[in-house]
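K.L.:
Here you go, one structure.
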Amino acid sequence: MGVTYALLFWIHMTSLAAGGVAAFGIPIVGSRMPGATPETRPALFHLAETFSNVGRVAIALLIITGPIMYWLAWSNGGPPNMTAFIAKMVFVVLLLITVIYAGINAKRAQGGDMAAVKRSPMLGMTAAVLFVLVILSAALAFKF
């Protein structure tokens, strides 16, 4: 597989780390939202938006590099554990849906929707759990 796989793996792992920052940072910021003063809310929204942007780029890179790495691994060493791989892909799709909905929810919260503000921590925790499940199923799917 050589240098190409190693470079893809590096991009994939860096993206995974960046996604982890977003997955765990957003719930922390979201947990501060309900009790935040009107003066501190803009800073929290900006921080959550920054984490969200990092998470979006990370997910995009993971979606691009993952299938290429899968194909290279398949062609050079046989298939991964298909059950775990399918579970991983399901968790990735659920995580993507959660991230999109959390972004929509964040815009509503920023507009003053207090129900959206209260929903933010739950969405953040859901994203964090899905992120951990993606990592677990990926570890179970591939031979090392």
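All of the numbers you see were taken from the coordinates with simple rules; none came from a lab. From a predicted model like this one, the values you see are computed outputs, not experimental measurements. Counting neighbours? That spans all protein chains shown, and the Cβs are built from the backbone with ideal geometry, glycine included.
K.L.:
Could you give the distance between the Cα centres of region 62-113 and region 18-40, to the whole Å?
P.N.:
Result: 22 Å between the Cα centres.
K.L.:
Multiply the residue separation of THR83 and VAL129 by 0.36 nm, subtract the distance between their alpha-carbon atoms, and state the gained length in nm to one decimal.
P.N.:
On the way: separation 46, 0.36 × 46 = 16.56 nm, distance 1.93 nm.
The THR83-VAL129 span can extend by a further 14.6 nm.
K.L.:
Still on this structure, please answer the following. At 222 nm, what value in deg cm²/dmol follows for the chain if DSSP H runs of at least 4 each add -39500 (n - 2.57) and the sum is divided by all its residues, to the nearest 500?
P.N.:
Helices in the chain give a 222 nm mean residue ellipticity of -31500 deg cm²/dmol.
K.L.:
Quick one: if the Förster radius is 30 Å, what FRET efficiency do ALA6 and VAL57 give, using the C-beta to C-beta distance and rounding to 0.05?
P.N.:
Numbers: r = 21 Å, r/R0 = 0.70.
Once rounded, the FRET efficiency stands at 0.90.
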